[in-house]
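Asks: The structure under discussion is supplied below as structure tokens; questions concerning it will follow.
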Amino acid sequence: MKKLRVLFRIVFGRTAFVILFMAIQIGILAGAFRLLEDYVPLIYGVSLLLSAVVIICIFNEPINSSFKLAWIVPVLVIPVFGVLFYILVQMQLQTKLLAKRIKRNIKETEPYLKQDEGVQAKIRSSSLRSSIWWIT
């Protein structure tokens with residue numbers, strides 16, 4: 001039973017999926033290069049240009065440097081799928097719309113979040129009295 005579980009982990013683990021997807025990409029690229037032998041320099045140039053544009057876009061984003069590096073590595077290592085995956089993730093309109101809505105709601109409710117010092121003092125004194133009551 002334990003050997004089966006270990007085998008299951010190996011087959012369906014992250015490493016197996018990464019290796020599988022890398023093999024698929026290599027196969028697709030090799031097939032594409034074989035079919036389009038005459039256009040290899042053009043394909044390589046377009047891929048290189050697209051990767052460069054995406055990397056410049058990543059550098060110009062106002063995000064943490066570690067996130068930038070996490071995006072740049074796949075774009076450079078696996079340019080075809082790295083660029084496509086980056087575009088797919090960045091084009092998720094639902095998350096952008098949700099973020100805009102949340103920002104708008106925060107801005108609209110900001111005036112209601114101000115604390116009244118008198119109420120805070122009253123709560124503190126009430127809390128102190130009740131805690132003293134329990135102690136005695």
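Asks: Just to confirm my filter: which helices (runs of 4 or more DSSP H) fall fully inside the range 31-133 and include at least 2 residues that are of a type in the set (K, R) and under 20 Å from the mean Cα position of the chain (by Cα)?
Replies: Numbers: elements: 40-60, 65-77, 79-90, 93-109.
Because the criterion is at least 2 residues that are of a type in the set (K, R) and under 20 Å from the mean Cα position of the chain (by Cα), the helices (runs of 4 or more DSSP H) in the range 31-133 that meet it are 93-109.
Asks: Can you pull out the residues in the range 23-45 that are surrounded by 12 or more Cβ atoms within 10 Å (Cβ to Cβ) and among the β-branched types (V, I, T)?
Replies: Matches in the range 23-45: I28, V40, I43.
Asks: Which one of these is within 30 Å of C57 (Cβ to Cβ), exposed (fewer than 10 other Cβ atoms within 10 Å of the Cβ) and modelled with pLDDT of 75 or more: K103, K107, K114, K96?
Replies: K107
Asks: Scan the range 58-67 and tell me whether some residue there is surrounded by 10 or more Cβ atoms within 10 Å (Cβ to Cβ), in contact (Cβ under 8 Å) with a residue 24 or more places away in the chain and of a type in the set (A, V, I, L, M, F, W, C).
Replies: Yes, some residue in the range 58-67 is surrounded by 10 or more Cβ atoms within 10 Å (Cβ to Cβ), in contact (Cβ under 8 Å) with a residue 24 or more places away in the chain and of a type in the set (A, V, I, L, M, F, W, C).
Asks: Would you check if I28 is touching a Phe, Trp or Tyr at 6+ places or on another chain (Cβ under 7 Å), touching a residue at least 12 places away in the same chain (Cβ under 8 Å) and in a helix (DSSP H, G or I)?
Replies: When the stated conditions are applied, I28 does not pass them.
Asks: Show the residue pairs that are 6+ apart or on different chains and have beta-carbon atoms under 8 Å apart, the first residue being within the range 5-22 and surrounded by 10 or more Cβ atoms within 10 Å (Cβ to Cβ), the second being not in a helix (DSSP H, G or I) and not polar (S, T, N, Q).
Replies: M22/I78
Asks: Name every residue in the range 18-55 that is of a type in the set (F, W, Y) and more than 23 Å from Q90 (Cα to Cα), in order of residue number.
Replies: Keep residues of the range 18-55 that are of a type in the set (F, W, Y), which gives 21, 33, 39, 44.
Residues satisfying the conditions are F33, Y39, Y44.
The values are calculated or read from the model by the stated rules, or taken from the named source; none is laboratory data. Everything numeric here is computed off the predicted structure, so don't read it as measured data. Ideal geometry is used to build each Cβ from the backbone, glycine not excepted, and the neighbour counts take in all protein chains shown.
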